[in-house]
Structure formats: structure tokens, C-alpha cells
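Q: I have a structure here, written as C-alpha cells, and I will follow up with some questions on it.
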Amino acid sequence: MPRTVGIDLGTTYSLIAYQDKREARPKCIPGPYGTPLCPSVVSVDADGSIIVGQAAQRRLLTQPERTIYSVKRLMGRGPADVQDELKIFPFRIDPASKNVIRVRLGERVFTPPEISAFILRELKSWAENYFQDSVSRAVITVPAYFNDAQRQATRDAGRLAGLEVLRLVNEPTAAALAYGLHEQKRGKVAVYDFGGGTFDISILKLISTSDGDIYQVLSTNGDTHLGGDDIDNALQSLAREEIRGLGVDLAAHPDTVQELRKALIAAKHELSDADKTAIKFPLPDGNVYFREISRAEYERLIRPIVDRTMGPVRQALADAKLKPAEIEEVVLVGGSTRVPLVRQTVEQFFGRKPHAELNPDEVVALGAAVQADILEGGVNDMLLLDVTPLSLGIETMGGVVAKIIPRNSTVPASAQELFTTGVENQTGIDIHVLQGERELAKDCRSLARFQLKVPPGPAGLARIEVKFLIDASGILQVSASDLRAGTEHSIEVQPTYGLDDAEVERMLEESIEFAEQDFSERQLIEARNEAESVLTLTERALAREKSEAPGELPEEERRSVEDAVVALRESLAGTDYKRVRALTDVLNQASTPLAERMMNRALATALEGKKLGEV
Amino acid sequence: MNAASTTVTLSATCRNCSAPTNGALFCPSCGKIQPLPRGADYFSFLGLPQKLTLDLDTLEQRFHSLSWKLHPDHFVRATEEEKQLSLDLSSQLNDAYRTLRDPVARVEYLLSLSGMRKEGQKKQQAPPELLEEVFELNESLDELREARDSGGSPEQMQGLRAKLESAQHKFESSLADVDQELAGVGKDWDAAIDSAADEAAGKKLMERMNEVLNRRSYIRNLVNGVRQELAVT
């Protein structure tokens, strides 16, 4: 029987998990590095091969123009939507992009679903290695507040990765499933899910019935462009401003920007435990940006970001008709809930200590695996009732939106609308479908437009009933019937932002060139790519050492690095990926003192001539 | 009394095995899922009489029990036709639950079943007992907008705000009164069903409910309008 896996396709990391029937709990499947966290980074090599995960993450430093991270931010969006994002993220959007964004990576152009498909393909290969068997069915999680276009883009990504997507599950709901299974609790639960790029809040009721346990979502809210990325960006703005004060503009150094980002993320992680940390960052002009930052200063900087999560929290509670004190459990999900200020803010609001026993990185993937098991029929005493996060409406006279399915309706949900002609011999009725809470069409998210064709006749004679149905994945289906003729009425729905079926088909054909490579061949490509990037970094460091501090590197150390370089280069000519990996590790170890030496020297230069008190 | 036009067709046969289904959602003979019987409405779907006072706990229990049976999660391995039926039925179940658990939507739905829900022709016209208050409100709103455009003093704005807030409270309490009234007519309707009153009496009650609904919608728009105005002031 085919296995159905659960996938958390995250902004920063993606994971794949599976519920083994013989075991009580689901578990995450580790990749080649032993960790189940796959960085959601994709890089395209000069020879056209695709690199995903840890190896791609390293290429952010060496080949930033061929590498992309946080692509989830672009899913289901048009070029006009992401102008703000472009100021901060190094996305290279193809100027020819129309309703679907196209991103340039090296010589090629990809849509966000295609890039996400590479990540899914990588995870799929992890699972296939683990099972030593093929995997073709999946449940994929999405932010609860994702709109129809963002959900469709995610489903397209699954298809392009060769996966049958049985269901899209909302991330906080998946977390609640994993949590409920773990804690055996009942009652009203709030799931606060603050991830790398998205924020969701869901209010659920966990009920025991004679048939089994029901997880009923009462309301959901969020912001699909609010996450840990924003904290990184706040730190980055601060640092770049200060670096500009030192006379260096990093705009001219894209690879340095990525290294700075890496250093700042490390500082952010340290500030989750420590009261202060120091950022020591060598600049392209040989100086060092040295900056101490205290927890208090950090919290002042990020408080506006954390506060932005509370509006959706209040709205979700109001929609569920509950007060904060009526929530019996608060569950924290997502890497950004490691930030102490986030925990404090949530605890203060609900007046109770939130749960964080489950690993916030893994819990969503684990819940997706549980849902996969439910769909396979493995678990038959759990039922998930989720809601649609946004109201569905159609445009009426004067650009006003008539809501036909209100937000927080349990899905599947449907609405029927009757349409007729307004003037004699009118041959078509235009319908514009939107999602959102605002009154006017221009302020809502356009989902699709279509035209109902009618035979010419007197005004008001045609009677076409259109059925709007939001399925259990939160995706809209539209069908129409001609009530007078008693027949199905065919319609062609053109998505406003997204790929139509023909485009997905074409991409599927194109993607065959990336399709299933032999397992060891794939391993070899990955090992080679990683080796190349370590070699580039090492050679760059050696050259810099030679020019900046000639004669200082002990002969012994230099020789061990050079020997490792030679050995690794030799192994690249062969096809033994294990040997390439092992020698990459040797080089990594041999070059560690070199990297430390450089950092120390850069730091010493920066501090030269300063008294201790000024540091 | 013949409450609306619910005659559930019981003569249907199973799509799978052709055995008579007696209007059941699952064939008594082969157990396969069936379409909703012709003429079924939200009340009958949830096994409830067409009454307006209902026990929300019972409603929720019925909703949950039917969700178990109909949800698409349990039809992943079924045929395409069964999958579609599960999708249709569970969406209708969710729509039914959403409508019936809300006391106002419940009345609107009951009226729509017999074509008795008629939105007010003169939507803009205030109910006579509120005429004076609506007149005052419109005056304050004009003053407020004018003051806002010409940059009124903080004291002036404060005063106008207070005026609007008191109007808001007034209309909110009118809204609560109307809701009470609606619940009252609902009880009359339930009593008429219990005593099998004649059709004319039922029709009269529906007309009354329709009138209360129109008045309610007018007041609710007022409340929303004032709320919005206060939010931007």
C-alpha cells in the first residue's frame, strides 16, 4: 500500500513526517545530515542541476544570484503584491512577470510553485531513502490564513513534485492534532503559530464524542507576511544603517549581505537564552563591525513586530465569541515562539503559561502525518473540522462585494447564487469572485473571473445557478447549472493570481528533466556541490590570509589545509559520493582554525588603538 | 398546519444496489452514501422539527454525529461519485449548522423556505418609533464629518464623540429589543406548530417575522454605521 506522508512546507525550514502504524506517535524523517530540518533554500547550478537544503543554504554565500530562500512569501501572489518585500528580500523577479511571479535564478526563470516543488522533491527523496520505497501521496500544511491563490499554488507545487496532494491542512490545526494526541486534553485551545514568515492564530474546541475525538476549529486569523524573517530584517536594517555610518554600503556586496544576515540570525538565536550578545562582523574594507546588543534593546527593536500578532489574536477570540480567560490551553508553535518576548506577550494576554513541550519546529509536520494517517484510514477515532479563514464574495453593482460564505465557516462550505440577464439579448454574465473582509472589491483579494454564456433572449429570462464550494483543503470549486434547460453549464474559471491547468501540465512535462535520478547519482551530485562550495570558501580564505597576513599562517596548518584541498579535488573526479562527503568533512575540519584566525585578526584590527572602556 | 413545503420523497432507490433507501443518507441494504432526499431542508437534515426555539447542545450533537458519517476524510478511498456526494453533503451539513445555530439566520431561512422572506421595499425608511433618534443621529454625523474635515478642536470632537457613543448605546439597546421581539414571535410560531394551527395563522406569523427582520436589519445597519464612524474618529 502506498505510504502517505505529512509535509510542513515552511518559509525557513521544511520537514517530512510519517505515522508508522506499528507505533503510537508519528516521527520526522531525517535527511542526509541527520536532522529532519531541510532549509527551504533552492539553488540552480551553472549546469542546470538543482540544489536544495543545507547545500543550497551554503550557496547563499557563494552564489547568491543563483539561490533563493523564503520563496513561500511569493506563493500565490502577483508582482504588484511583493513590491514591499523586494526592498528587503533579494528576490530577482523577472520583469516579464504578469499574474504569476517569475523568479530569475542564474540563467533560468521559475514560478514560486516550481521552486517549492524542488523542496518537496528533496523531502520526498528523504522519505524514499528512509523507506527504501517510493512515496507518492502527501498531506501538506499551509498557514491557516492562506487565501485560495496561496493554497492553489501549494497544491500545484505538490503536483509538480510528483505528489498526489490528498489534503492541505492548516498549520495550527495540524499542531493541535499532534498536541491533542500527545496531551489527551479536552476543551478550548488557542494555537499561536509564529513561524519564519507567517503568523496564525486558531481557536479550537477539542471534544470527546461516542464516535471519537473531534477537533473543531472555531475561528482563525493571522498575517501571511509576518514572521521571524521580519525580526531578522529589523536587525538587518539596524546593522546596515550602522555599517553605512562606518562608510561601507553593503548594497554593492550581495554575498556580504548574506553573511551579515547569517551572523544576525545567530545573534537572534543567542538572545533567546542570553541577556546580551555581540555581533562581530568583518566588512569588505577590512574593518570589523562590532556591536553589543542587550536583550532589552533587542526587545525594544522587535516589540512592534510582536505586537502585530495581537490584533489577529483579538479578532479570532471575538469571532469565536470567547474571552481570553475562557481559553483553557495555549499552545506555542513555530520557531519564532522561542523569542522570550513572544512568550511573555502571549502569557500576559491569556493569563496562563503557554505549552511548549513539543518541539515547535516539528509539531506541524507531525500533525500533518497524523492527518495523513486519518485519511489512509489508519486512525478512525479522530475527526478534524476546519474553517475557511476569509469571507468569500462576489462583486455586485458599484464594486461592492456581496459576501456569500462568511469567514470561519466550517469547510466544506457552499453557497448557491442565481444569475440572470439585465438587458435584452445579453449573451454573457460576468462574475468576479473575491476573498476578504472589506466592503469594496478593490480592497479584497481577486480570486477569479469568469463569464456565464447565455443564449440571446429577453432580459431576466436566463436562470443560471452558480455553486461556490470551498472544499476541505480550503480551495474554491465553481460549477454552474442552467435551471431552465436543466443542464450543467460549463464555465472556464481563470485564476487572477496563479497557474491554470494547462500551465501546470506544461510544467509537469518540463519537470521530467528534473525527475527521478538514480539514488546514488543524486547523492553524488549533492556531495559534489557541497564539496565545491567548501572548496570555494577555503580557497577564498587562503588567498585573503596570504594578502592580509603574509607569513603568519603556520606551515603545518597551511599544509594540512592544502592537502585536504588536493584530496577532495581528486575525489571529485571519481563517482564515490561517500568518499567525497568524508573528504569534505576533513577539509571542513582542517580549515576551521584558519577561519578562526581570520575572524580574530579582523576583530583585533577593529579594536586596535581603543581602550578597553570604549569596546 | 402545513409548515412550509417539506414533503421528503421516500421513494428513492440506492444508486449502488437499487434497494429502496427510504430517504436515508446511507443505503440500508449496502451502506453506500446517498444524495440528500428531494425536498429535504436544513431542519429535516439535522432531524429537527421546523421550530424556532431549539436546544443548541442537541443541534451540536447532531452536527457532530453527521460530520463523522459524511466528512470527506472518510471517503478518500471511495469512488469519485461517492467522494463528490460526501463533499456535497458535508458542505450542506456545515451550511445547515451555521444557519440554524444563529437565531436570526434561522428565522430568515424558515421564511425563505416558503418564499416569505421579503426584504423591505423602503430599506432607507426608519421605523416610526425611531424617527426622531435617527434624525438626531444623522445631524450629529454631519456635524462630526464637517468638524473632522475642517479640523475641529479637541473639545468639539470629544463632545461629538460622546454624542455618537450615546446614540450607539441607544441603538444597541433597540437591537436587543428587536431580538427579544423576534424570539417572542418565534415562540408563537412554535406554539402554532404544536397546536397544528391552520395555514393562514402560520402565514400571518411569518409576515410578522419578516417585518421584524426588516426592522432589525435597518437598526443593525445604523449600529454598524456609527461603529465605523467612531472607529475613524
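The values are calculated or read from the model by the stated rules, or taken from the named source; none is laboratory data. What you are looking at is a predicted structure, and each value in this text was computed from that prediction instead of being measured. We place every Cβ from the backbone using ideal geometry, glycine too, and count neighbours over all the protein chains shown.
Q: Find the residue count for the stretch A:387-402, including only residues that are crowded, with 19+ Cβ neighbours inside 10 Å and over 23 Å from A:SER219 (Cα atoms).
A: Counting residues in the stretch A:387-402 that are crowded, with 19+ Cβ neighbours inside 10 Å and over 23 Å from A:SER219 (Cα atoms) gives 1.
Q: Residue check: is A:ILE374 within 14 Å of chain B (Cβ to nearest Cβ) and in a strand (DSSP E or B)?
A: So A:ILE374 does not fit the description; no.
Q: Still on this structure, please answer the following. With the structure loaded, tell me whether A:ILE68 is of a type in the set (A, V, I, L, M, F, W, C), free of Cβ contacts under 8 Å to residues at least 60 places away in the same chain and either touching a helix residue (DSSP H, G or I) at 6+ places or on another chain (Cβ under 9 Å) or under 18 Å from A:LEU168 (Cβ atoms) (or both) or whether it fails that test.
A: Considered against the rule, which asks whether it is of a type in the set (A, V, I, L, M, F, W, C), free of Cβ contacts under 8 Å to residues at least 60 places away in the same chain and either touching a helix residue (DSSP H, G or I) at 6+ places or on another chain (Cβ under 9 Å) or under 18 Å from A:LEU168 (Cβ atoms) (or both), A:ILE68 comes out as yes.
Q: For A:VAL379, which of the numbered conditions (1) within 14 Å of chain B (Cβ to nearest Cβ); (2) out of contact with any Phe, Trp or Tyr (no Cβ under 7 Å at 6 or more places or on another chain); (3) farther than 16 Å from A:THR173 by Cβ fails to hold?
A: Against the list (1) within 14 Å of chain B (Cβ to nearest Cβ); (2) out of contact with any Phe, Trp or Tyr (no Cβ under 7 Å at 6 or more places or on another chain); (3) farther than 16 Å from A:THR173 by Cβ, A:VAL379 comes up short only on (3).
Q: List the pairs whose first member sits in the stretch A:277-302 and is of a type in the set (Val, Ile, Thr), whose second member is part of a loop (DSSP other than H, G, I, E, B), and whose Cβ atoms are under 8 Å apart, counting only residues at least 6 apart or on separate chains?
A: The qualifying pairs are A:ILE302/A:VAL339.
Q: Still on this structure: Farther than 30 Å from B:PHE75 by Cβ and either of a type in the set (Ser, Thr, Tyr) or within 14 Å of another protein chain (Cβ to nearest Cβ) (or both) - does that describe any residue in the stretch A:357-367?
A: no
Q: Also: Against the definition (under 18 Å from A:VAL42 (Cα atoms), surrounded by fewer than 24 Cβ atoms within 10 Å (Cβ to Cβ) and of a type in the set (Val, Ile, Thr)), how does A:VAL71 come out, yes or no?
A: Against the criterion (under 18 Å from A:VAL42 (Cα atoms), surrounded by fewer than 24 Cβ atoms within 10 Å (Cβ to Cβ) and of a type in the set (Val, Ile, Thr)), A:VAL71 does not qualify.
Q: Then there is this: Do you know which of the residues in the stretch A:401-432 that are without any contact (Cβ under 8 Å) to a residue 60 or more places away in the chain, over 19 Å from A:THR487 (Cβ atoms) and among the β-branched types (Val, Ile, Thr) is nearest to the other protein chains (Cβ to nearest Cβ)?
A: A:VAL401
Q: Further question on the same structure: Kindly indicate the residue of the stretch A:387-400 that is assigned to a loop (DSSP other than H, G, I, E, B) and within 13 Å of another protein chain (Cβ to nearest Cβ) and also nearest to A:THR173 (Cα to Cα) among those meeting that condition. Talk me through it step by step, then tell me what you get.
A: From the stretch A:387-400, those assigned to a loop (DSSP other than H, G, I, E, B) are A:388-391, A:396; that's our starting set.
If we keep only those that are within 13 Å of another protein chain (Cβ to nearest Cβ) as well, we get A:388, A:391.
Numbers: A:THR388: 12, A:SER391: 19 Å.
For the stretch A:387-400, the residue satisfying everything is A:THR388.
Q: On to the next question. Please tell me if A:LEU384 is within 27 Å of the chain's Cα centre (by Cα), aliphatic (A, V, I, L, M), surrounded by 22 or more Cβ atoms within 10 Å (Cβ to Cβ) and outside any loop (DSSP other than H, G, I, E, B).
A: So A:LEU384 passes the test.
Q: Condition first: buried (at least 19 other Cβ atoms within 10 Å of the Cβ), free of Cβ contacts under 8 Å to residues at least 60 places away in the same chain, among the aliphatic types (A, V, I, L, M) and in contact with a helix residue (DSSP H, G or I) (Cβ under 7 Å, 6 or more places away or on another chain). Can you find one or more residues in the stretch A:111-128 that meet it?
A: No, the conditions are met nowhere in the stretch A:111-128.
Q: I'd like the residue in the stretch A:344-378 that is closer than 19 Å to B:HIS71 by Cβ and not hydrophobic (A, V, I, L, M, F, W, C) and, out of all such residues, is nearest to the chain's Cα centre (by Cα).
A: A:GLY367
Q: Could you pull out the residue among B:ARG161, B:ARG98, B:ARG117 that is within 26 Å of the chain's Cα centre (by Cα), of a type in the set (Lys, Arg) and over 30 Å from A:GLY377 (Cβ atoms)?
A: After ruling out the rest, the residue left standing is B:ARG117.
Q: When you scan the stretch B:105-120, do you find a residue that is more than 15 Å from B:SER217 (Cβ to Cβ), without any contact (Cβ under 8 Å) to a residue 24 or more places away in the chain and surrounded by fewer than 17 Cβ atoms within 10 Å (Cβ to Cβ), even just one?
A: Within the stretch B:105-120, one or more residues are more than 15 Å from B:SER217 (Cβ to Cβ), without any contact (Cβ under 8 Å) to a residue 24 or more places away in the chain and surrounded by fewer than 17 Cβ atoms within 10 Å (Cβ to Cβ).
Q: Of all residues in the stretch B:45-68, which are within 14 Å of A:PRO412 (Cα to Cα) and more than 8 Å from chain A (Cβ to nearest Cβ)?
A: B:PHE63, B:LEU66
Q: Filtering the stretch B:69-96 down to residues that are of a type outside the set (A, V, I, L, M), in contact with a Pro (Cβ under 6 Å, 6 or more places away or on another chain) and at the interface with chain A (Cβ under 8 Å from one of its Cβ atoms), which residue is farthest from A:SER479 (Cα to Cα)?
A: Per the criteria, the residue is B:SER90.
Q: Within the stretch A:7-28, track down each residue that is assigned to a loop (DSSP other than H, G, I, E, B) and crowded, with 21+ Cβ neighbours inside 10 Å.
A: Correct list: A:GLY10, A:THR11, A:THR12, A:GLN19, A:PRO26.
Q: I need the full set of residues from the stretch A:201-241 which are within 14 Å of chain B (Cβ to nearest Cβ) and outside any strand (DSSP E or B), in order please.
A: Across the stretch A:201-241, the qualifying residues are A:THR209, A:SER210, A:ASP211, A:GLY212.
Q: Select from the stretch A:433-462 the residues that are within 14 Å of another protein chain (Cβ to nearest Cβ) and assigned to a loop (DSSP other than H, G, I, E, B) and write down the one among them that is nearest to A:ASP386 (Cα to Cα).
A: Going through the qualifying residues, I end up with A:GLU437.
Q: So which residues in the stretch A:323-341 are β-branched (Val, Ile, Thr) and in a helix (DSSP H, G or I), if there are any at all?
A: A:THR337
Q: Let me ask another. Go through the stretch A:536-585 and give me each residue that's surrounded by fewer than 17 Cβ atoms within 10 Å (Cβ to Cβ) and of a type in the set (Val, Ile, Thr).
A: If the condition is that a residue be surrounded by fewer than 17 Cβ atoms within 10 Å (Cβ to Cβ) and of a type in the set (Val, Ile, Thr), then A:THR536, A:VAL566, A:THR575 are the ones that fit.
One line per residue, one yes/no per condition, for (1) assigned to a loop (DSSP other than H, G, I, E, B); (2) more than 14 Å from chain B (Cβ to nearest Cβ):
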| position | (1), (2) |
| --- | --- |
| A:LEU469 | no, no |
| A:ALA472 | yes, no |
| A:SER479 | no, no |
| A:ALA485 | yes, yes |
| A:LEU499 | yes, yes |
| A:ALA502 | no, yes |
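Q: Hey, another quick one. State all residues of the stretch B:97-113 that are out of contact with any helix residue (DSSP H, G or I) (no Cβ under 7 Å at 6 or more places or on another chain) and away from chain A (no Cβ under 14 Å); if no residue qualifies, say none.
A: Hits for the stretch B:97-113 are B:LEU110, B:LEU113.
Q: Hey, among B:GLY184, B:GLY202, which residue is buried (at least 18 other Cβ atoms within 10 Å of the Cβ) and either of a type in the set (Gly, Ala, Ser) or at pLDDT 90 or above (or both)? Write out each step before concluding.
A: Working: B:GLY184 fails: buried (at least 18 other Cβ atoms within 10 Å of the Cβ).
Every option except B:GLY202 fails the conditions.
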